[in-house]
Ligand code: GDG
């Protein structure tokens, strides 16, 4: 209830995948959305993750207290064209500055529009006039336009979890106007950083003839007015810190620590994705071993990389490449007592991850491009205040805009990353504490709850 005693409007979250109640929510987004829905009461709509023989109109419904979950299946063709095709072989590489990996196919674009239309058709059946709708990510850019075509007048917000690249790249996308101008059908478009916002404004102002209106609103060429703003996503800082502290007494974390045998740990945790810069990271670590024999047997690099998007060929390629590199580096430097890289293609429960982060002297987070990167924030929040580790962070992660006391690197510069690694390993405790404190202050002031409240406040006011 608000101060006026009026119940806030119901929240409707729409995302490609829905984190169902019994699933452990991987990633911050799932828990953020759950908390928001719990608070106001609401509905979460999206793809079930299942392939049905034909595009099934049947909705799967589940209620869990304040939250209704409604999902639909996709047909094989819809999945291939929309998800494995246009979303993950066109938009994802383009938005991560990899035009070389873009595989544009007209049939994929058609599938993308078809699935967005299917989402719109199914969603209108569920909407009430006062609902506030919050749409997530690059899979669903045209959804608001399609809802508007179906008569929906509700407030609709959109948040892009990836970077938005410079206009010069966006215009390389065939039919880019037809897609990107639909962003104007939202009332609010949220982005992680000022750079992403500049890209959006630049695209609308200089590429498609929009204009800036008083109050910071953008006018699209079709006359529609919308707002865009910077809302850097965050983590549940207090909870992550708490989990990390408690995990130190867990047997599995103690066993792991023991297995390090006094060596310093460097940790990386990433979905296995070419945007995460894992090959360059492996190279930088190899460079350290190459030039600093005194570090041999004294450091262990644990890279956790759960496979993702295995249906997309580029992901199978990067997986093979990393296996080859890890094998090569270990073959070259390992001794009977020591393996330099522990490369693990598995995902772990959050409690364990937080413990690993806390044990690690260095968090190595070097994506080539990343909308935000929550691992960087989780690593910081997991540290022991009296003896914190050092974050080595790519300048091209959105998180670098806030975590300025990390050792910031260009991930493509193997020598610069190697230098930062060695500096991190040798950093005196006082400097580690000072840098950590300043980053932790940022995360405590701006946590996940602050993020969603800021977005929802901007959307509803
Ligand atoms: C997209 C954007 C943006 C990872 N391995 C395991 C595991 N994870 C969790 C991490 C973290 C999440 O997954 C990954 O989030 P990131 O932000 O690092 O990266 P993306 O998956 O690419 O996320 C990104 C984000 O959306 C939010 O807007 O920051 O830029 O690309 O929370 O902890 N979780 C568990 N086991 C694992 O093995 N439980």
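What follows draws every value from the coordinates through simple rules; no lab data is involved. Predicted model only: the values in this text are computed from it and were never measured. Virtual Cβ from ideal backbone geometry, glycine too; neighbours counted across all protein chains shown.
Relative to the globular-protein estimate of 2.2 N^0.38 Å, the Cα radius of gyration of the stretch 215-267 stands at 2.33. Across all directions, the average projected area of the convex hull around the alpha carbons of the stretch 11-230 is 11.9 nm². Take the Cα of residue 126, step 7 Å toward its Cβ, do the same at residue 221, and the gap between the two points is 3.4 nm.
One Cα centroid belongs to the stretch 271-310, the other to the stretch 236-266; the line between them spans 20 Å. The angle separating the long axis of helix 429-445 from the principal Cα axis of greatest extent in the chain is about 10 degrees. Mean silhouette area of the chain, derived from the convex hull of its C-alpha atoms and averaged over all directions, reads 22.7 nm².
A simple spin-label model places pseudo-atoms 7 Å from Cα toward Cβ; at residue 20 and residue 429 they are separated by 4.9 nm.
If you average the sequence gap of Cα pairs under 8 Å that are 6 or more apart and divide by the length of the stretch 11-230, what percent do you get for the contact order? After rounding, I find 15 percent. Suppose R0 equals 25 Å. What FRET efficiency, 1/(1 + (r/R0)^6) with r the Cβ-Cβ distance, do residue 257 and residue 328 give to the nearest 0.05? After rounding, the FRET efficiency stands at 0.35. The alpha carbon gyration tensor of the stretch 237-445 gives principal lengths a ≥ b ≥ c with a/c below 1.5, which makes the shape rounded. For residue 206 and residue 76, the difference between the fully extended length at 0.36 nm per residue and the C-alpha to C-alpha distance is 42.9 nm.
Modelled label positions at residue 250 and residue 177, each set 7 Å beyond Cα in the direction of Cβ, lie 5.3 nm from each other. Here r is the Cβ-Cβ distance between residue 415 and residue 449 and R0 is 41 Å; the resulting FRET efficiency, rounded to 0.05, is 0.55.
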